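Have a look at the structure below before the remarks.
The values are calculated or read from the model by the stated rules, or taken from the named source; none is laboratory data. What you see is a predicted model; the values in this text were computed from it and never measured. Cβ atoms come from the backbone with ideal geometry, glycine included; neighbour counts cover every protein chain shown. Each accessible area value is taken on the protein alone, full model and side chains, heavy atoms only, with ligands, DNA and RNA left out. Shrake-Rupley method; radii C 1.70, N 1.55, O 1.52, S 1.80 Å.
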Amino acid sequence: MSLHDELTAFLRTRYPELPAAARAVMERAGRDLAASGQAERALQPGDAAPRFSLPTATGGTVALDSLLSEGPVVLTFYRGAWCPYCNLALRALQQHHAEITARGARLVAISPQIPDESLTLTEKHALAFDVLSDLGSDTAKQYGLSFDLPDDLAAVYDSFGFDLQRVNGGHPRTLPLPATYVIDPDATIRWAFLDTDYTARAEPSDILAALDVLPRRPE
């Protein structure tokens, strides 16, 4: 089953179970975000990838320059461990992690949640790749991905018990668009997936195809 099929099946099962009032708020916020031009303002293939240095779930630090010195990077932004669609996407990436590394690439995931939350997620899904904390979404902002939840949607998320005030380290309303970038060793974005619809994610097979067409580094 493709990731798209998994996400669609989950949406069809879970979404009707939500309260009608919450669904109305979520749908209106989704339409507004799609109409805002946020996706068009985000970085696209051909753009230079902004550098970052972010904490890992285990207390280390990962810098983009260091990753790129070893080869291409697959960089994925997700909303947090509280988001079931993010969990499905990260699990799918883990299932394809060996294929990504076999192509000489490094996979890293970034969210605005605190390191403790990232560590719990890493352990839950036995992730073999680094999960980085972008508190305040400063890195996501550089990539053109960060946006603020409207008040009524933030209230809906509070009612669901997501506790974004805590898990996002005091930045409860700022989230990134779900996005995945393939970045070549020269720090140029060569492929991108991003969507204002949080239920849509990059298909691992498309990521692998994007890696396959990157120019090979001289031995």
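Restricting to strands (runs of 3 or more DSSP E) lying wholly in the stretch 138-207: which have 2 or more residues that are in contact with a strand residue (DSSP E or B) (Cβ under 8 Å, 6 or more places away or on another chain) and touching a residue at least 60 places away in the same chain (Cβ under 8 Å)? Before you say what the answer is, go through the steps one by one.
Values: elements: 146-148, 174-176, 179-183, 189-194.
Of the strands (runs of 3 or more DSSP E) lying wholly inside the stretch 138-207, those with at least 2 residues that are in contact with a strand residue (DSSP E or B) (Cβ under 8 Å, 6 or more places away or on another chain) and touching a residue at least 60 places away in the same chain (Cβ under 8 Å) span 174-176, 179-183, 189-194.
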Filtered residues of the stretch 204-219 (kept if surrounded by fewer than 19 Cβ atoms within 10 Å (Cβ to Cβ), at pLDDT 95 or above and not hydrophobic (A, V, I, L, M, F, W, C)): 205, 206, 212
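Inspect the stretch 154-174 for any residue being within 13 Å of the chain's Cα centre (by Cα), open to solvent by less than 40 Å² (accessible area, probe 1.4 Å) and among the aliphatic types (A, V, I, L, M) and give the result as yes or no. Walk me through how you get there before you give the answer.
First, the residues of the stretch 154-174 that are within 13 Å of the chain's Cα centre (by Cα): none.
No, because not a single residue in the stretch 154-174 is within 13 Å of the chain's Cα centre (by Cα), open to solvent by less than 40 Å² (accessible area, probe 1.4 Å) and among the aliphatic types (A, V, I, L, M).
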Working only within the stretch 104-120, note down all residues that are at pLDDT below 95, open to solvent by 40 Å² or more (accessible area, probe 1.4 Å) and among the charged types (D, E, K, R). 116
Mind checking which residues of the stretch 66-117 are more than 15 Å from residue 183 (Cβ to Cβ) and among the small types (Gly, Ala, Ser)? 80, 81, 89, 92, 98, 102, 111
Quick one: residue 198 ticks every box in (1) more than 12 Å from the chain's Cα centre (by Cα); (2) open to solvent by 30 Å² or more (accessible area, probe 1.4 Å) bar one, so which box is it? (1)
Is there any pair with a first residue in the stretch 9-26 that is among the polar types (S, T, N, Q) and a second that is outside any loop (DSSP other than H, G, I, E, B) whose Cβ atoms are under 8 Å apart and which are 6 or more apart or on different chains, and what are they? none
